[in-house]
1. Could you tell me whether any residue of the range 62-72 is within 16 Å of the ligand (Cβ to nearest atom), at pLDDT 95 or above and either in a strand (DSSP E or B) or loosely packed, with under 13 Cβ neighbours inside 10 Å (or both)?
2. Here are 173, 141: which of them is buried (at least 23 other Cβ atoms within 10 Å of the Cβ) and either modelled with pLDDT of 95 or more or not assigned by TED's automatic domain parsing to the domain that holds residue 207 (or both)?
3. When the range 38-49 is examined, which residues are found to be assigned to a strand (DSSP E or B) and either over 30 Å from residue 200 (Cα atoms) or modelled with pLDDT of 95 or more (or both)?
4. Using the structure shown, decide if residue 43 is among the β-branched types (Val, Ile, Thr), more than 10 Å from the ligand (Cβ to nearest atom) and touching a helix residue (DSSP H, G or I) at 6+ places or on another chain (Cβ under 8 Å).
5. Looking only at the range 116-124, decide whether some residue is out of contact with any Leu (no Cβ under 7 Å at 6 or more places or on another chain) and in a loop (DSSP other than H, G, I, E, B).
6. Can you say whether residue 124 is among the charged types (D, E, K, R), surrounded by fewer than 21 Cβ atoms within 10 Å (Cβ to Cβ) and within 16 Å of the ligand (Cβ to nearest atom), as far as the supplied structure shows?
7. Just one of 53, 49 is of a type in the set (D, E, K, R) and touching a Ser or Thr at 6+ places or on another chain (Cβ under 6 Å); which is it?
Amino acid sequence: MSKETFSNRTSGDLREKDKQKLLLYNRNVTCPVCGNSFNARAIKKSSYRILKRDSDFFIRYSIINPYFYDVWVCDDCGYAAIKNDFLHISDYDADTVKNKITPKWHSKNYPDIYDIDLAIQRYKLSLLNYYVIDARASKKAINFLKIAWMYRLKEDNKNEIKFLNQALKNFNAAYYNESLPICGMDRFTTMYLIGELMRRTGKEEDSLTWFSQVVTSTTASSKIKNMARDQKNLVKDSLENKPHAENQYQQDEDTSRKNKTHGFLSKFLK
Ligand SMILES: [Zn+2]
């Protein structure tokens with residue numbers, strides 16, 4: 001790389017960072033675990049633009065990415081959660097964080113502007129907290145899903161699928177064990193999402209069952225029915241174009257992937 005190109009790029013990055021700085025502000029938060037008062041970085045409303053919505057509800061933004069600022073972390077005690085959950089922690093769970101997270105926590109001194117790798121790191125930290133306090137499956141599910149989306153942005157397909165599989169497992173558990181709404185979704189939206197996560201992780205035959213239930217429901221909204229119908233047709237086309245041998249291969253892949261992801265989580269939480 002020539003010197004000139006390098007300096008152009010560096011000043012471009014700086015300009016970009018200055019621009020992003022103007023879209024952020026500090027929000028004072030008191031940590032419900034340790035009582036420390038800290039500044040959470042927050043995005044000024046209306047400073048981001050929606051570019052596109054993916055079929056599993058991931059929103060692609062331009063200008064600045066709100067997902068990067070979705071997790072709040074107390075740098076004093078290591079308590080982290082997705083910002084909507086942050087203040088809602090029971091005394092019992094706060095004690096668990098104090099006993100199990102805080103002794104191992106090293107202050108991170110986060111920068112003013114977050115990037116995608118930092119976002120992934122912070123989402124993993126909040127996931128770790130959800131596991132330590134044994135949070136509901138739906139909390140873990142949305143956290144896994146958001147990490148998968150970050151890997152999608154990075155075009156890291158292997159990790160995206162890994163985290164989509166974990167999101168699917170937890171949404172499934174939430175669907176059968178929790179009361180509605182689940183992460184703000186009604187029954188049919190949850191069913192659609194489960195189907196869509198199955199489709200995206202190669203479980204196409206199984207996804208058809210979920211999409212069909214949404215399509216044939218008499219009470220689902222027409223919006224979600226249309227989305228389920230589109231995805232059902234997509235799966236049908238894909239299955240028709242797939243030779244039998246390839247289907248078998250896909251199933252083998254899924255089985256080995258399942259075995260791998262099981263070990264993956266225990267490694268990640270160590
Ligand atoms: Zn704290």
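1. Checked against the condition, which is being within 16 Å of the ligand (Cβ to nearest atom), at pLDDT 95 or above and either in a strand (DSSP E or B) or loosely packed, with under 13 Cβ neighbours inside 10 Å (or both), the range 62-72 yields at least one hit.
2. 141
3. Residues satisfying the conditions are 38, 39, 40, 41, 42, 43.
4. yes
5. Within the range 116-124 (the criterion being out of contact with any Leu (no Cβ under 7 Å at 6 or more places or on another chain) and in a loop (DSSP other than H, G, I, E, B)), the answer is no, since none of the residues qualifies.
6. Answer is no for this residue.
7. Of 53, 49, the one residue that is of a type in the set (D, E, K, R) and touching a Ser or Thr at 6+ places or on another chain (Cβ under 6 Å) is 49.
A quick yes/no check of all residues on (1) modelled with pLDDT of 95 or more; (2) within 16 Å of the ligand (Cβ to nearest atom); (3) surrounded by 14 or more Cβ atoms within 10 Å (Cβ to Cβ):
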| position | (1), (2), (3) |
| --- | --- |
| 52 | yes, no, no |
| 56 | yes, no, yes |
| 79 | yes, yes, yes |
| 90 | yes, yes, no |
| 93 | yes, yes, yes |
| 100 | yes, yes, yes |
| 108 | no, yes, no |
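The values are calculated or read from the model by the stated rules, or taken from the named source; none is laboratory data. Everything quoted here is computed from the prediction, not taken from an experiment. Using ideal geometry, Cβ is built from the backbone for each residue, glycine included, and neighbour counts are taken over all protein chains shown.
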